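Asks: Have a look at the structure that comes next, please.
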Amino acid sequence: MNNNLNFRQSKTVSLKLILFLAASIFFLTIDSELKISNEIRKNTSHIISPIYSTAELPIEFYHVIDNYLVSKNNLLEKNKILEKKIFIQSGIIQNIPLLKEENIRLKKLLNSSEESATSKILIAELIKVNLSPFSNKVILNKGRKSNIYIGQTVIDSMGILGQVSEVNDNFSVVTLITDAGHALLAINARTGKRIVISGTGDNRYLKAKYISLNEDVIEGDILITSGLDNIFPEGYLIGEISNVNKNFQKNFLDVTANPSSSLSSNREVMLLW
(Lines give C-alpha, C1' and ligand atoms only; values in the text may rest on other atoms or scores of the structure.)
Protein backbone atom coordinates (compact mmCIF):
# COMPACT_ATOMS: atom_id res chain seq x y z
CA MET A 1 0.00 0.00 0.00
CA ASN A 2 2.77 2.44 0.95
CA ASN A 3 4.86 1.49 -2.08
CA ASN A 4 2.07 2.44 -4.46
CA LEU A 5 1.72 5.84 -2.75
CA ASN A 6 5.41 6.58 -3.13
CA PHE A 7 5.29 5.63 -6.78
CA ARG A 8 2.41 8.00 -7.39
CA GLN A 9 4.17 10.92 -5.67
CA SER A 10 7.38 10.42 -7.62
CA LYS A 11 5.41 10.20 -10.89
CA THR A 12 3.61 13.46 -10.08
CA VAL A 13 6.88 15.25 -9.33
CA SER A 14 8.36 14.12 -12.61
CA LEU A 15 5.33 15.36 -14.55
CA LYS A 16 5.55 18.74 -12.78
CA LEU A 17 9.26 18.99 -13.60
CA ILE A 18 8.61 18.24 -17.26
CA LEU A 19 5.77 20.74 -17.31
CA PHE A 20 7.84 23.56 -15.74
CA LEU A 21 10.77 22.80 -18.01
CA ALA A 22 8.57 23.00 -21.08
CA ALA A 23 7.02 26.26 -19.84
CA SER A 24 10.49 27.74 -19.23
CA ILE A 25 11.62 26.81 -22.75
CA PHE A 26 8.43 28.31 -24.15
CA PHE A 27 8.79 31.62 -22.33
CA LEU A 28 12.50 31.86 -23.17
CA THR A 29 11.71 31.35 -26.85
CA ILE A 30 8.96 33.98 -26.79
CA ASP A 31 11.20 36.43 -24.90
CA SER A 32 14.08 35.99 -27.32
CA GLU A 33 11.74 36.66 -30.25
CA LEU A 34 9.53 39.42 -28.83
CA LYS A 35 11.99 41.05 -26.32
CA ILE A 36 9.21 41.23 -23.74
CA SER A 37 11.51 41.06 -20.68
CA ASN A 38 13.56 44.01 -21.94
CA GLU A 39 10.43 46.14 -22.15
CA ILE A 40 9.36 45.07 -18.68
CA ARG A 41 12.83 45.95 -17.26
CA LYS A 42 12.75 49.35 -18.95
CA ASN A 43 9.31 50.15 -17.59
CA THR A 44 10.09 48.99 -14.06
CA SER A 45 13.69 50.28 -13.74
CA HIS A 46 12.60 53.48 -12.02
CA ILE A 47 10.94 51.35 -9.37
CA ILE A 48 13.82 48.91 -8.90
CA SER A 49 16.64 51.53 -8.92
CA PRO A 50 15.86 52.93 -5.43
CA ILE A 51 15.85 49.37 -4.12
CA TYR A 52 19.35 48.80 -5.52
CA SER A 53 20.52 52.13 -4.09
CA THR A 54 19.13 51.27 -0.69
CA ALA A 55 20.77 47.87 -0.79
CA GLU A 56 24.15 49.50 -1.59
CA LEU A 57 23.95 52.02 1.27
CA PRO A 58 25.65 49.80 3.88
CA ILE A 59 28.53 49.08 1.50
CA GLU A 60 28.97 52.76 0.63
CA PHE A 61 28.81 53.68 4.33
CA TYR A 62 31.51 51.10 5.07
CA HIS A 63 33.76 52.54 2.34
CA VAL A 64 33.25 56.09 3.64
CA ILE A 65 34.16 55.08 7.21
CA ASP A 66 37.14 53.06 5.99
CA ASN A 67 38.46 55.98 3.90
CA TYR A 68 37.97 58.35 6.84
CA LEU A 69 39.90 56.12 9.23
CA VAL A 70 42.70 55.57 6.73
CA SER A 71 42.93 59.33 6.04
CA LYS A 72 42.91 60.11 9.75
CA ASN A 73 45.71 57.61 10.45
CA ASN A 74 47.74 59.04 7.57
CA LEU A 75 47.24 62.57 8.90
CA LEU A 76 48.27 61.47 12.39
CA GLU A 77 51.43 59.85 11.03
CA LYS A 78 52.25 62.92 8.93
CA ASN A 79 51.59 65.12 11.95
CA LYS A 80 54.03 63.10 14.05
CA ILE A 81 56.68 63.37 11.32
CA LEU A 82 56.13 67.14 11.03
CA GLU A 83 56.30 67.55 14.81
CA LYS A 84 59.65 65.74 14.83
CA LYS A 85 60.93 67.96 12.00
CA ILE A 86 59.75 71.09 13.81
CA PHE A 87 61.44 69.92 16.99
CA ILE A 88 64.72 69.26 15.17
CA GLN A 89 64.51 72.55 13.27
CA SER A 90 63.73 74.41 16.47
CA GLY A 91 66.97 73.04 17.83
CA ILE A 92 68.75 74.17 14.71
CA ILE A 93 67.04 77.56 14.84
CA GLN A 94 67.96 77.79 18.44
CA ASN A 95 71.58 77.41 17.27
CA ILE A 96 71.51 80.15 14.55
CA PRO A 97 72.11 83.20 16.84
CA LEU A 98 75.15 81.43 18.31
CA LEU A 99 76.56 80.89 14.80
CA LYS A 100 75.96 84.55 13.96
CA GLU A 101 77.80 85.67 17.09
CA GLU A 102 80.60 83.26 16.24
CA ASN A 103 80.89 84.74 12.74
CA ILE A 104 80.92 88.32 14.05
CA ARG A 105 83.57 87.46 16.62
CA LEU A 106 85.85 85.82 14.05
CA LYS A 107 85.43 88.78 11.71
CA LYS A 108 86.44 91.11 14.50
CA LEU A 109 89.51 89.00 15.17
CA LEU A 110 90.50 89.05 11.51
CA ASN A 111 89.81 92.78 11.18
CA SER A 112 91.89 93.57 14.25
CA SER A 113 94.71 91.43 12.86
CA GLU A 114 94.66 93.37 9.59
CA GLU A 115 94.90 96.67 11.45
CA SER A 116 97.77 95.57 13.68
CA ALA A 117 101.39 96.16 12.87
CA THR A 118 102.37 92.57 13.61
CA SER A 119 103.55 90.40 10.76
CA LYS A 120 101.84 87.22 11.89
CA ILE A 121 98.81 86.19 13.93
CA LEU A 122 97.38 82.87 15.06
CA ILE A 123 93.86 82.16 16.27
CA ALA A 124 93.64 79.65 19.14
CA GLU A 125 90.83 78.15 21.17
CA LEU A 126 90.47 78.02 24.92
CA ILE A 127 90.40 74.51 26.34
CA LYS A 128 90.38 75.37 30.05
CA VAL A 129 89.76 78.45 32.17
CA ASN A 130 91.09 78.87 35.70
CA LEU A 131 89.22 81.65 37.47
CA SER A 132 90.56 81.15 40.99
CA PRO A 133 91.08 84.38 42.94
CA PHE A 134 94.80 83.62 43.27
CA SER A 135 95.65 82.67 39.68
CA ASN A 136 93.76 83.96 36.63
CA LYS A 137 94.97 81.80 33.76
CA VAL A 138 93.59 80.14 30.67
CA ILE A 139 94.88 77.24 28.57
CA LEU A 140 95.03 77.39 24.77
CA ASN A 141 95.06 74.53 22.26
CA LYS A 142 98.27 75.80 20.63
CA GLY A 143 101.79 75.22 21.89
CA ARG A 144 105.42 74.86 20.93
CA LYS A 145 104.52 73.04 17.71
CA SER A 146 102.74 76.23 16.59
CA ASN A 147 105.82 78.33 17.50
CA ILE A 148 104.18 79.80 20.61
CA TYR A 149 106.72 81.37 22.98
CA ILE A 150 106.75 82.61 26.57
CA GLY A 151 105.81 86.29 26.89
CA GLN A 152 103.78 86.29 23.67
CA THR A 153 100.88 88.76 23.57
CA VAL A 154 97.34 87.36 23.54
CA ILE A 155 94.33 89.50 22.61
CA ASP A 156 90.66 89.06 21.75
CA SER A 157 88.42 91.20 19.54
CA MET A 158 88.03 93.80 22.31
CA GLY A 159 91.53 94.24 23.66
CA ILE A 160 94.47 92.81 25.58
CA LEU A 161 93.80 89.47 27.22
CA GLY A 162 97.18 88.55 28.68
CA GLN A 163 100.51 86.94 27.82
CA VAL A 164 101.82 83.41 27.45
CA SER A 165 103.47 82.25 30.66
CA GLU A 166 104.03 78.54 29.95
CA VAL A 167 104.49 76.58 26.71
CA ASN A 168 104.10 72.86 26.03
CA ASP A 169 104.11 70.93 22.76
CA ASN A 170 100.36 71.07 22.12
CA PHE A 171 99.06 73.65 24.57
CA SER A 172 100.10 76.80 26.35
CA VAL A 173 99.12 78.72 29.48
CA VAL A 174 98.14 82.39 29.35
CA THR A 175 98.24 84.62 32.40
CA LEU A 176 95.44 87.18 32.20
CA ILE A 177 95.99 90.88 32.84
CA THR A 178 93.60 90.55 35.79
CA ASP A 179 95.90 88.06 37.53
CA ALA A 180 96.93 89.41 40.94
CA GLY A 181 100.61 89.05 40.07
CA HIS A 182 100.40 90.77 36.68
CA ALA A 183 101.16 94.44 35.86
CA LEU A 184 101.69 96.50 32.70
CA LEU A 185 102.32 100.09 31.70
CA ALA A 186 99.34 101.86 30.13
CA ILE A 187 98.64 105.29 28.66
CA ASN A 188 95.58 107.41 29.28
CA ALA A 189 94.37 107.99 25.71
CA ARG A 190 92.84 111.36 26.66
CA THR A 191 95.80 112.89 28.49
CA GLY A 192 98.75 110.82 27.25
CA LYS A 193 99.86 110.19 30.84
CA ARG A 194 101.38 106.83 31.76
CA ILE A 195 99.63 104.69 34.32
CA VAL A 196 100.66 101.40 35.93
CA ILE A 197 97.85 98.84 35.71
CA SER A 198 97.80 95.72 37.87
CA GLY A 199 95.49 92.76 38.21
CA THR A 200 93.16 92.23 41.14
CA GLY A 201 92.40 88.52 40.82
CA ASP A 202 88.90 89.46 39.72
CA ASN A 203 88.21 89.40 35.97
CA ARG A 204 85.85 92.34 36.33
CA TYR A 205 88.37 94.84 37.66
CA LEU A 206 91.86 96.26 37.19
CA LYS A 207 93.70 98.65 39.49
CA ALA A 208 95.42 101.85 38.30
CA LYS A 209 98.32 102.49 40.70
CA TYR A 210 100.57 105.35 41.73
CA ILE A 211 98.34 108.13 40.36
CA SER A 212 98.94 111.32 42.28
CA LEU A 213 96.04 113.14 43.93
CA ASN A 214 96.22 116.05 41.48
CA GLU A 215 96.44 113.83 38.38
CA ASP A 216 93.88 114.51 35.59
CA VAL A 217 91.98 111.23 35.46
CA ILE A 218 88.22 110.79 35.24
CA GLU A 219 85.69 108.03 34.80
CA GLY A 220 85.42 106.95 31.15
CA ASP A 221 89.10 107.52 30.32
CA ILE A 222 90.39 104.88 27.91
CA LEU A 223 93.57 102.97 28.74
CA ILE A 224 95.79 101.58 25.98
CA THR A 225 99.12 99.76 25.95
CA SER A 226 102.16 102.01 25.85
CA GLY A 227 104.63 99.64 24.22
CA LEU A 228 107.29 100.90 26.66
CA ASP A 229 107.25 97.91 29.01
CA ASN A 230 108.60 95.46 26.42
CA ILE A 231 105.62 93.24 27.22
CA PHE A 232 102.76 94.33 24.99
CA PRO A 233 102.82 96.15 21.64
CA GLU A 234 101.63 99.75 21.56
CA GLY A 235 98.07 100.89 20.98
CA TYR A 236 95.94 97.97 22.16
CA LEU A 237 92.95 98.54 24.40
CA ILE A 238 93.33 97.61 28.05
CA GLY A 239 90.17 98.98 29.62
CA GLU A 240 88.21 101.99 30.79
CA ILE A 241 88.41 103.93 34.06
CA SER A 242 85.27 103.06 36.00
CA ASN A 243 85.81 104.64 39.40
CA VAL A 244 88.02 107.40 40.85
CA ASN A 245 88.17 107.98 44.61
CA LYS A 246 90.23 110.78 46.14
CA ASN A 247 91.30 110.38 49.77
CA PHE A 248 93.60 113.16 51.01
CA GLN A 249 94.85 110.90 53.81
CA LYS A 250 96.46 108.72 51.12
CA ASN A 251 99.27 109.56 48.72
CA PHE A 252 97.57 108.27 45.60
CA LEU A 253 94.13 108.10 44.01
CA ASP A 254 92.10 104.92 44.35
CA VAL A 255 91.32 104.18 40.66
CA THR A 256 89.51 101.16 39.25
CA ALA A 257 89.22 100.14 35.58
CA ASN A 258 87.06 97.65 33.72
CA PRO A 259 88.95 95.41 31.25
CA SER A 260 88.01 95.79 27.58
CA SER A 261 88.53 92.12 26.71
CA SER A 262 86.00 89.40 27.47
CA LEU A 263 88.20 87.65 29.96
CA SER A 264 85.71 85.05 31.16
CA SER A 265 83.63 84.41 28.03
CA ASN A 266 86.11 84.03 25.16
CA ARG A 267 86.40 80.84 23.16
CA GLU A 268 88.85 82.09 20.51
CA VAL A 269 91.78 84.40 21.04
CA MET A 270 94.60 85.74 18.86
CA LEU A 271 98.33 85.43 19.46
CA LEU A 272 100.56 88.17 18.08
CA TRP A 273 104.13 88.02 16.75
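Asks: Could you list, in sequence order, the residues of the range 239-272 that are at pLDDT below 90 and of a type in the set (Val, Ile, Thr)?
Replies: Val269
Asks: Failed condition for Val164, given (1) in a loop (DSSP other than H, G, I, E, B); (2) modelled with pLDDT of 95 or more, with all others met?
Replies: The number of the failed condition is (1).
Asks: Is it the case that the range 206-228 has a residue that's surrounded by 13 or more Cβ atoms within 10 Å (Cβ to Cβ), of a type in the set (S, T, N, Q) and modelled with pLDDT under 95?
Replies: Checked the range 206-228: at least one residue is surrounded by 13 or more Cβ atoms within 10 Å (Cβ to Cβ), of a type in the set (S, T, N, Q) and modelled with pLDDT under 95.
Asks: Lys128 is checked against (1) more than 25 Å from Arg204 (Cα to Cα); (2) surrounded by fewer than 12 Cβ atoms within 10 Å (Cβ to Cβ); (3) modelled with pLDDT of 65 or more and fails just one. What number does that condition carry?
Replies: Unmet for Lys128, out of (1) more than 25 Å from Arg204 (Cα to Cα); (2) surrounded by fewer than 12 Cβ atoms within 10 Å (Cβ to Cβ); (3) modelled with pLDDT of 65 or more: (1).
Asks: All but one of (1) closer than 18 Å to Thr256 by Cα; (2) without any contact (Cβ under 8 Å) to a residue 40 or more places away in the chain; (3) surrounded by 15 or more Cβ atoms within 10 Å (Cβ to Cβ); (4) among the polar types (S, T, N, Q) hold for Thr178; which doesn't?
Replies: Failing condition for Thr178: (2).
Asks: For the structure I just gave you, tell me whether Ile187 is touching a residue at least 12 places away in the same chain (Cβ under 8 Å), outside any loop (DSSP other than H, G, I, E, B) and not acidic (Asp, Glu). Step through it out loud before you land on a result.
Replies: Working: touching a residue at least 12 places away in the same chain (Cβ under 8 Å): yes; outside any loop (DSSP other than H, G, I, E, B): yes; not acidic (Asp, Glu): yes.
Yes; evaluated as a whole, the condition is true for this residue.
Asks: With respect to the numbered conditions (1) surrounded by fewer than 17 Cβ atoms within 10 Å (Cβ to Cβ); (2) more than 37 Å from the chain's Cα centre (by Cα), which one is the sole condition not fulfilled by Glu166?
Replies: Of everything listed in (1) surrounded by fewer than 17 Cβ atoms within 10 Å (Cβ to Cβ); (2) more than 37 Å from the chain's Cα centre (by Cα), Glu166 misses just condition (2).
Asks: Still on this structure, please answer the following. Could you grab me the full set of residues in the range 190-220 that are in a loop (DSSP other than H, G, I, E, B) and either in contact (Cβ under 8 Å) with a residue 60 or more places away in the chain or under 41 Å from the mean Cα position of the chain (by Cα) (or both)? Quick ask: steps written out before the conclusion?
Replies: Residues of the range 190-220 that are in a loop (DSSP other than H, G, I, E, B), as a first pass: 190-193, 200-205, 210-211, 213-220.
Selection gives Thr200, Gly201, Asp202, Asn203, Arg204, Tyr205, Glu219, Gly220.
The values are calculated or read from the model by the stated rules, or taken from the named source; none is laboratory data. Just so you know, these numbers come straight off a predicted model, no measurement behind them. Cβ atoms come from the backbone with ideal geometry, glycine included; neighbour counts cover every protein chain shown.
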